[in-house]
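Following: one structure in structure tokens, then a few remarks.
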């Protein structure tokens, strides 16, 4: 029984039936509707909020990519500009940081699915020419021509909600009458536009854009209501790793200390039907996703010894 005037907590939802979503095709590979994919973050920036440039050098970035694939990553996401405010990076510099590295990575791992994290059409074009097969448009269609690049090269695209924010800006007193309604309106419009240009439907992904154009309560709400995105049928990507909404929720200001909160959000998002997880910590994320799938009954335990001896 609840206290007078208090709201009853809703019952915990069961796992979303992943088969509501369509199969996903990226980089010439097809993934069934119940497969979850890990997108490993490889930052080609000297000022990353998390690793402070640990993979800015080519050798370090290649080693990180090797390790991510070995740990079970399906996609390598290459970014040349820090998401937050910082030193200006023009398109030529962003291309210099990403395109050559993507070419080297494609030669080294020709089977790997490579994504470029950019809002700029010129960078997307250079990256796809170098071997990228996914464009991760994390700023929500700031340059509409980016979807045209995806169509031109026949690659996938991630359509992200950023609330209309300009790239590399932080939200200031941002408000929505209903944050998930705004998320759905914007990402579905982007997805429909990409499809209308010729991007294959099975290669279009939607992303609620945690922290982008949102305060912490917004990011928590879109996580809680993730089924509303899943039920559209578009594959849902979540980028939760070490983000500020995790830090503020737990009062952990240092990104390096936010892994536990990140993995908790990952488990909830997987249970609610997210299919792609953009992460810094591949091995830990893989264990979480495998555990969620085993609880949901779509994966068998790796071994069965208990009670048999």
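Each listed q (0.09, 0.10, 0.13, 0.14 Å⁻¹) maps to a log10 I(q)/I(0) for the stretch 18-148 from the Debye sum over equal C-alpha point scatterers, namely -0.25, -0.31, -0.52, -0.61.
How much of the calculated P(r) for the stretch 36-296 lies past 29 Å, in percent of all Cα pairs? I get 23 percent for the Cα pairs in the stretch 36-296 exceeding 29 Å. Spin-label model, residue 250 to residue 294: label points 7 Å out along the Cα-to-beta-carbon direction sit 2.2 nm apart. Within the listed set 282, 158, 142, the Gaussian network model of the chain (springs between alpha-carbon atoms below 10 Å) gives the highest mean-square fluctuation for 142. In this structure, residue 172 and residue 309 have a Cβ-Cβ separation that, at R0 = 51 Å, corresponds to a calculated FRET efficiency of about 0.25.
Tell me, what is the percent relative contact order of the chain, built from C-alpha pairs under 8 Å that lie six or more residues apart?
On the way: 580 pairs, mean separation 56.0, N = 309.
Computed value for the chain: 18 percent relative contact order.
Peptides 205-211, 149-155: what's the order by average Cβ count within 10 Å, highest mean first? If you can, show how the numbers build up before the last one.
Working: 205-211: 26.1, 149-155: 20.3.
Packing order, densest peptide first, comes out as 205-211, 149-155.
Each stretch of four or more DSSP H residues adds -39500 (n - 2.57); spread over every residue of the chain, this sum gives -12000 deg cm²/dmol at 222 nm.
None of the figures in this text is laboratory data; all of them are computed from the coordinates on show. Quantities reported herein were computed from a predicted structural model and do not represent experimental measurements. Every residue, glycine among them, receives a Cβ derived from its backbone with ideal geometry; neighbour counts consider all protein chains shown.
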